[in-house]
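Report on the following structure.
The values are calculated or read from the model by the stated rules, or taken from the named source; none is laboratory data. Source: prediction; values computed, not measured. Virtual Cβ from ideal backbone geometry, glycine too; neighbours counted across all protein chains shown.
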Amino acid sequence: MKKSIVVEFYGSQRAVAEVLGVSDQSISAWREIIPERAALKLERITEGSLRYDASLYVGRRQHPVKV
């Protein structure tokens, strides 16, 4: 899932942080492809309006993130 799509959906990084229960700084630290766990959680929260795309995560090393 791309950060730009998530931020556009919610309107701001702060709104994304509030929905996920993390700090604004956590969202700011994301690269364009957001952490996989966050993508899965956002798909669940939005009931599929935001879609997890497994192909974006194939072969990528993930860093732990509190979600």
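Quick grid of which residues meet (1) closer than 18 Å to Asp53 by Cα; (2) in contact with a Cys (Cβ under 6 Å, 6 or more places away or on another chain); (3) of a type outside the set (Ser, Thr, Tyr); (4) surrounded by 13 or more Cβ atoms within 10 Å (Cβ to Cβ):
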site	(1), (2), (3), (4)
Glu8	yes, no, yes, no
Ala15	no, no, yes, yes
Gly21	no, no, yes, no
Ser28	no, no, no, no
Arg31	yes, no, yes, no
Ile34	yes, no, yes, yes
Leu40	yes, no, yes, yes
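Tell me, yes or no, whether region 44-60 has at least one residue that is modelled with pLDDT under 95, surrounded by fewer than 17 Cβ atoms within 10 Å (Cβ to Cβ) and of a type in the set (Lys, Arg).
Yes.
Quick one: which helices (runs of 4 or more DSSP H) lie wholly within region 2-46 and hold at least 2 residues that are within 14 Å of Tyr57 (Cβ to Cβ)? Spell out how you get there, then give the answer.
Numbers: elements: 3-10, 13-20, 24-29, 36-45.
Helices (runs of 4 or more DSSP H) meeting the threshold: 36-45.
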